[in-house]
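K.L.:
Following this message is one structure expressed as structure tokens.
Every number in this text was worked out from the coordinates using simple rules, so none of it is lab data. All of these numbers come straight from a predicted model, not from anything done at the bench. Neighbour counts are summed over all protein chains in view; Cβ atoms, including those assigned to glycine, are modelled from backbone coordinates with ideal geometry.
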Ligand SMILES: O=C[C@H](O)COP(=O)(O)O
């Protein structure tokens with residue numbers, strides 16, 4: 001292979017590790033600072049890391065997601081886990097928030113999800129309509145809102161405009177905004193798929209560009225022959241890919257999601273460790289937690305908490 005045929009392999013760190021965004025170094029309104037401080041230092045590991053329990057799968061995927069652990073169909077189950085496991089926050093939609101938050105008021109911070117959809121229709125023209133707004137979040141005492149942006153969808157013009165209004169409301173109310181940054185649609189499928197480094201790296205940058213405070217991403221997979229250059233020619237391992245997307249998120253804090261349940265507790269802990277080592281601020285793991293029998297879910301949560309406190313504390 002001559003020199004010109006060598007695959008492009010830029011150093012993902014450019015010689016410099018991206019520092020994890022720290023609250024004191026961010027330019028924020030008072031309301032956002034107070035709410036983020038509660039999430040980062042007054043709940044969860046309380047050391048600047050985030051451990052979030054999401055419960056939006058019932059809307060996004062349907063009841064079948066709960067079938068492996070029918071006990072979790074009772075919403076008290078994940079709520080109890082969030083409280084007893086000292087999570088940083090529970091993330092869910094307006095219906096569950098209104099029906100359950102009163103009972104748990106003051107015991108677990110809320111990230112109110114503002115938009116969402118079912119997975120009944122296909123994702124070719126994915127769009128995530130709003131079913132709640134920032135005023136609902138204020139009314140319910142939330143410490144952040146969550147917003148799904150389908151990056152690259154044919155409907156992204158609608159999505160980006162909708163996000164603009166949410167961002168402006170968040171600025172007005174001092175409400176942090178967590179972007180579920182999800183590449184979706186036929187264009188991304190044609191360019192390698194939603195899980196590739198190309199797609200996830202782009203999503204991380206979009207969150208930073210559009211004004212999210214926190215971005216939720218998936219672990220980036222290797223690119224493939226359909227991915228655009230230079231990603232197609234990158235030969236990075238998982239740790240390098242993770243560091244690359246964290247760097248692209250800049251001053252936006254990164255949460256990595258858990259995905260489908262892995263029955264191996266050690267593998268879940270190691271995954272969280274890998275994500276934290278990449279510079280992530282935390283994780284948002286749902287099915288890997290509440291699909292376990294309660295005592296195991298609590299035990300696994302405590303192992304993750306201990307690891308976050310002992311290795312990644314401020
Ligand atoms: O919004 C929820 C996230 O997708 C994470 O959930 P998960 O850990 O069950 O994949």
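K.L.:
Cβ-Cβ below 6 Å, separation at least six or inter-chain, first residue in segment 91-110 and farther than 17 Å from residue 138 by Cβ and touching a residue at least 40 places away in the same chain (Cβ under 8 Å), second within 16 Å of the ligand (Cβ to nearest atom) and not in a strand (DSSP E or B): which pairs?
P.N.:
Cβ pairs passing all conditions: 96/75; 108/82.
K.L.:
On to the next question. Here are some residues: 236, 225. Which one is assigned to a loop (DSSP other than H, G, I, E, B), more than 21 Å from the chain's Cα centre (by Cα) and crowded, with 16+ Cβ neighbours inside 10 Å?
P.N.:
Working: 225 fails: crowded, with 16+ Cβ neighbours inside 10 Å.
When all the criteria are applied, what remains is 236.
K.L.:
Scan segment 301-308 and tell me whether some residue there is within 16 Å of the ligand (Cβ to nearest atom), on the phi > 0 side of the Ramachandran plot and either touching a residue at least 60 places away in the same chain (Cβ under 8 Å) or surrounded by fewer than 16 Cβ atoms within 10 Å (Cβ to Cβ) (or both).
P.N.:
no
K.L.:
I would also like to ask the following. Filter segment 280-299 down to the residues that are touching a residue at least 24 places away in the same chain (Cβ under 8 Å) and over 19 Å from the mean Cα position of the chain (by Cα), then identify the one that is surrounded by the fewest Cβ atoms within 10 Å (Cβ to Cβ). Break it down into steps so the answer makes sense when it comes.
P.N.:
Step one: of segment 280-299, the residues touching a residue at least 24 places away in the same chain (Cβ under 8 Å) are 280-294, 296-299.
From what's left, over 19 Å from the mean Cα position of the chain (by Cα): 292-294, 296-299.
On the way: 292: 22, 293: 11, 294: 15, 296: 13, 297: 24, 298: 16, 299: 14.
The qualifying residue surrounded by the fewest Cβ atoms within 10 Å (Cβ to Cβ) is 293.
K.L.:
Which residue out of 271, 251, 261 is under 25 Å from residue 45 (Cβ atoms) and surrounded by 21 or more Cβ atoms within 10 Å (Cβ to Cβ)?
P.N.:
Numbers: 251 fails: surrounded by 21 or more Cβ atoms within 10 Å (Cβ to Cβ); 261 fails: surrounded by 21 or more Cβ atoms within 10 Å (Cβ to Cβ).
Answer to the selection: 271.
K.L.:
Further question on the same structure: For the condition part of a loop (DSSP other than H, G, I, E, B) and in contact with a strand residue (DSSP E or B) (Cβ under 8 Å, 6 or more places away or on another chain), what is the one hit in 137, 142, 181, 124? First the steps, then the outcome.
P.N.:
Numbers: 137 fails: part of a loop (DSSP other than H, G, I, E, B); 181 fails: part of a loop (DSSP other than H, G, I, E, B); 124 fails: in contact with a strand residue (DSSP E or B) (Cβ under 8 Å, 6 or more places away or on another chain).
Just a single option satisfies the conditions, and that option is 142.
Table: residues versus (1) surrounded by fewer than 21 Cβ atoms within 10 Å (Cβ to Cβ); (2) in contact (Cβ under 8 Å) with a residue 24 or more places away in the chain.
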residue	(1), (2)
162	yes, yes
168	yes, no
180	no, yes
185	no, yes
190	yes, yes
196	no, yes
203	no, yes
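K.L.:
Something else now. Can you report the number of residues in segment 280-300 which are within 14 Å of the ligand (Cβ to nearest atom) and assigned to a helix (DSSP H, G or I)?
P.N.:
Number of matching residues: 6.
K.L.:
Of all residues in segment 254-279 being in contact (Cβ under 8 Å) with a residue 60 or more places away in the chain and closer than 22 Å to residue 110 by Cβ, which is farthest from the ligand (Cβ to nearest atom)?
P.N.:
Of all residues in segment 254-279, those in contact (Cβ under 8 Å) with a residue 60 or more places away in the chain come to 255, 257, 261, 276, 279.
Retained after the next criterion (residues that are closer than 22 Å to residue 110 by Cβ): 255, 257.
Numbers: 255: 9, 257: 4 Å.
That would be 255.
K.L.:
Return yes when residue 154 is touching a residue at least 60 places away in the same chain (Cβ under 8 Å), touching a helix residue (DSSP H, G or I) at 6+ places or on another chain (Cβ under 8 Å) and either under 25 Å from residue 53 (Cα atoms) or away from the ligand (no atom under 16 Å from the Cβ) (or both) and no when it is not. First the steps, then the outcome.
P.N.:
Details: touching a residue at least 60 places away in the same chain (Cβ under 8 Å): no; touching a helix residue (DSSP H, G or I) at 6+ places or on another chain (Cβ under 8 Å): yes; either under 25 Å from residue 53 (Cα atoms) or away from the ligand (no atom under 16 Å from the Cβ) (or both): yes.
Spelling it out, it is not the case that residue 154 is touching a residue at least 60 places away in the same chain (Cβ under 8 Å), touching a helix residue (DSSP H, G or I) at 6+ places or on another chain (Cβ under 8 Å) and either under 25 Å from residue 53 (Cα atoms) or away from the ligand (no atom under 16 Å from the Cβ) (or both).
K.L.:
A follow-up question, please. For segment 19-96, give me every one of the helices (runs of 4 or more DSSP H) that falls completely inside it and has 1 or more residues that are within 13 Å of the ligand (Cβ to nearest atom) and more than 20 Å from residue 279 (Cβ to Cβ). Steps first, answer last, please.
P.N.:
Values: elements: 30-41, 57-60, 76-84.
Answer list for segment 19-96: 57-60, 76-84.
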